[in-house]
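The values are calculated or read from the model by the stated rules, or taken from the named source; none is laboratory data. Everything numeric here is computed off the predicted structure, so don't read it as measured data. Every residue, glycine as well, gets a Cβ built from its backbone with ideal geometry; the counts of neighbours run over all protein chains shown. Note: areas computed on protein heavy atoms with side chains; ligands, DNA, RNA excluded. Shrake-Rupley method; radii C 1.70, N 1.55, O 1.52, S 1.80 Å.
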Amino acid sequence: MDKNIPSEPTGINIHDAEAHAHLISLINNAPGFVYSIDRSFRLVTVNSLFKATIKQHFGIELKEGDSPLKPLETISPGDIQEWKEIYTKAFTGQKLDFTKEFNIIQKSFWAFSICPIFQGSEIVGVACYVRDITDIKLAEIKLNESESRYHSVSESSLLGIVWGNAKGKLVNANQAFCDIMEGTLEQLVNKYPSEFTHPDDLPSAKAIFLKLKNGEINKYRFEKRYITLKGNIKWVEMNI
């Protein structure tokens, strides 16, 4: 053997060591909590972010060999049974994806992905991946609340409200506008206002729309005539 080439230490496979180093790096640099447990409900792997977060907020030192339920003993003991059932389901071969809300420090939302770890055909553990999705959920809640208020105002309004796309096609309208037009939303949607604008008012209406579309003006108020779906002529005051 060439003496200048260092021999591999007895009992150590350098490729296994490299793979282990890669795995640890992936786990510790994951943008969320990563941990795994064995059939005895003990942590086999737990990444540094999970350890640091638990210590920062609750003063609990979490390490390999501990129960993943250890933080709950102090934080929320009433949830221990629920989590035992969740892990038990994963040990039966089920993959679980769900979102949970917590109010321990302040309202937060977390996405969990929990799946069995197979060694051949045998389930030897459970892998858990957890992401903080609080910002996403709060934005979603805020949007839903805003849409609910918007819908409430538009549907209770005595004014006809219309939504159009960039080409001017009607994409939505409230009930008040449908009443003005003596028809249903299904009859009106995907039509252009020009289709029910009085012919004498079309030139001025089109000129205004082009100015709005080209950014020459950002709002306009005018009067024109609509021909309803029943053939009646109605004068309307428009704010665009």
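At R0 = 30 Å, how high is the FRET efficiency between Ile217 and Ser146 if r is their beta carbon distance? Nearest 0.05 is fine.
Efficiency computed from Cβ-Cβ geometry: 0.65.
Using modelled amide H (1.01 Å from N, peptide plane; none on Pro or chain starts), what sits under 5 Å from the amide H of Lys191, excluding residues fewer than 5 places away?
Under 5 Å from the amide H of Lys191 lie the amide H atoms of Leu170, each far enough along the sequence or on another chain.
Taking a cut-off of 16 Å between Cα atoms, list the lysines near Lys100, but don't count ones fewer than 8 places away on the same chain.
Lys84, Lys137
With all protein chains present, how much of the accessible area of the chain (probe radius 1.4 Å) comes from carbon and sulfur, to the nearest whole percent?
That share works out to 54 percent.
What ranking, highest mean first, results for peptides 63-70, 144-151, 114-121 when packing means the other Cβ atoms within 10 Å averaged over each residue?
Packing order, densest peptide first, comes out as 63-70, 114-121, 144-151.
List every residue whose amide H lies under 5 Å from the amide H of Trp163, counting only residues 5 or more places away in sequence or on a different chain, with H placed 1.01 Å from N in the peptide plane.
Correct list: Val171, Asn172, Ala173.
Quick one: angle between helix 14-28 and the longest Cα principal axis of the chain, in degrees between 0 and 90, rounded to 10, please.
40
So how much accessible area does Phe91 have, in Å² to the nearest 10, using a 1.4 Å probe?
Taking all protein chains as shown, Phe91 has close to 20 Å².
Residue-wise, which Karplus ³J(HN,Hα) couplings in Hz belong to region 160-169, taking 6.51 cos²θ - 1.76 cosθ + 1.60, θ = phi - 60°, and x for glycine or proline?
With coefficients 6.51, -1.76 and 1.60, one gets x, 10, 10, 10, x, 8, 5, 8, x, 6 Hz.
What's the angle, to the nearest 10 degrees (0 to 90), between helix 48-58's Cα axis and the longest principal axis of the chain?
80
Ignoring ligands, DNA and RNA, what accessible area per residue does the chain give at 1.4 Å, in Å²?
Ligands and nucleic acids excluded, the figure is 67 Å² per residue.
Go through Lys107/Lys142; Lys167/Lys191; Lys55/Lys142; Lys51/Lys89 and tell me which ones have a Cα-Cα distance over 21 Å in this structure.
Exceeds cut-off: Lys55/Lys142; Lys51/Lys89.
222 nm [θ] for the chain, helices only, -39500 (n - 2.57) per DSSP H run of 4+, per residue, to 500?
Result for the chain: -11500 deg cm²/dmol, rounded to the nearest 500.
Any idea what angle helix 80-91 forms with the longest principal axis of the chain, computed on alpha-carbon atoms, 0 to 90 degrees, nearest 10?
Helix 80-91 sits at roughly 80 degrees to that axis.
Residue by residue through region 114-129, what is 3J(HN,Hα) from phi via Karplus (6.51 cos²θ - 1.76 cosθ + 1.60, θ = phi - 60°)? Round to whole Hz and write x for glycine and proline.
10, 9, x, 9, 9, 10, x, 9, 9, 7, 10, x, 9, 9, 10, 10
Using the charge dipole of the chain (Lys, Arg: +1 at Cβ; Asp, Glu: -1 at Cβ; taken about the Cα centre), state which of Pro116, Ala139, Pro71 has its Cα farthest towards the positive end.
So the residue furthest toward the plus end is Ala139.
Note the listed values [x] 15.2; [y] 17.5; [z] 26.0, then indicate which one is mean projected area of the Cα convex hull in nm² calculated from this particular structure.
Among [x] 15.2; [y] 17.5; [z] 26.0, the one calculated here is [z].
So what J values fall out for region 208-224 if you push phi through Karplus, 6.51 cos²θ - 1.76 cosθ + 1.60 with θ = phi - 60°, rounded to Hz, Gly and Pro as x?
5, 4, 5, 5, 5, 5, 7, x, 6, 9, 10, 6, 7, 10, 7, 10, 7
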